[in-house]
Amino acid sequence: MTPVDPHEAFVRVEREIGLLLRRSRAISARLSREVHPDLDGAGYGLLALLQDTGPLRASDLVARLGLDKSTVSRQVSSLAGLGLVSREADPADGRAQVLRTSPEGAARLARIRDARRARWEADLAGWPAEDVATLGELLARLNRLGEAEAREAEEEDR
């Protein structure tokens with residue numbers, strides 16, 4: 001087995017993640033138009049997050065996405081205007097609102113995600129299931145690091 005140069009390993013990770021993110025943005029832009037012709041890629045990501053996490057306040061979206069309030073507010077308004085997100089009174093604080101995917105938004109998103117998952121299955125059909133599971137676990141670990149950094153940044157801002 002060849003020794004691994006730690007610096008080169010990190011260079012490769014940075015390069016490959018950069019490529020993955022660029023492709024992901026392009027895919028999100030395309031998928032967003034499949035959900036609704038007037039939806040942009042950022043709106044798709046916000047809609048998917050709401051579907052995955054359940055009802056959230058706009059302030060929770062700001063914290064999770066690391067975006068400013070005005071950007072999230074514009075995205076939420078757009079999603080609500082397209083009928084993909086609903087606003088409801090927060091049961092814990094009637095003065096606040098929580099956001100959730102509407103039944104129409106959830107149905108449209110589910111169709112796109114089913115097609116996307118089928119594409120992943122086709123693309124990775126030649127991989128052993130153990131490799132796919134390992135990839136999923138490694139990506140989850142990487143995402144947990146990002147979430148922890150976002151929480152730390154939010155606490156510093158307070």
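Close Cβ contacts (under 6 Å, 6 or more residues apart or on different chains) running from residues in segment 24-40 that are in contact (Cβ under 8 Å) with a residue 24 or more places away in the chain to residues that are open to solvent by 60 Å² or more (accessible area, probe 1.4 Å) and not hydrophobic (A, V, I, L, M, F, W, C) comprise Val35/Arg108.
The set of residues in segment 46-76 being open to solvent by 60 Å² or more (accessible area, probe 1.4 Å) and under 18 Å from Leu31 (Cα atoms) consists of Gln51, Asp52.
Here are Leu20, Leu79: which of them is open to solvent by less than 60 Å² (accessible area, probe 1.4 Å) and either part of a helix (DSSP H, G or I) or more than 27 Å from Arg144 (Cα to Cα) (or both)? Write out each step before concluding.
Values: Leu20 fails: open to solvent by less than 60 Å² (accessible area, probe 1.4 Å).
Result of the check over Leu20, Leu79: Leu79.
Within segment 89-112, if we keep just the residues that are charged (D, E, K, R) and surrounded by 11 or more Cβ atoms within 10 Å (Cβ to Cβ), the residue that is farthest from Asp38 (Cα to Cα) turns out to be Asp90.
Kindly provide the set of residues from segment 89-108 that are in a strand (DSSP E or B) and free of Cβ contacts under 8 Å to residues at least 40 places away in the same chain, ordered by number.
So in segment 89-108, the residues in a strand (DSSP E or B) come out as 89-90, 93-101.
Result: Ala89, Asp90, Asp93, Gly94, Arg95, Ala96.
The values are calculated or read from the model by the stated rules, or taken from the named source; none is laboratory data. Nothing here was measured: the structure is a model prediction, and the numbers come from that model. Cβ: placed from backbone, ideal geometry, glycine included. Neighbour counts: every protein chain shown. These area figures cover heavy atoms from the full protein model, side chains too; ligands, DNA and RNA do not enter into them. Shrake-Rupley method; radii C 1.70, N 1.55, O 1.52, S 1.80 Å.
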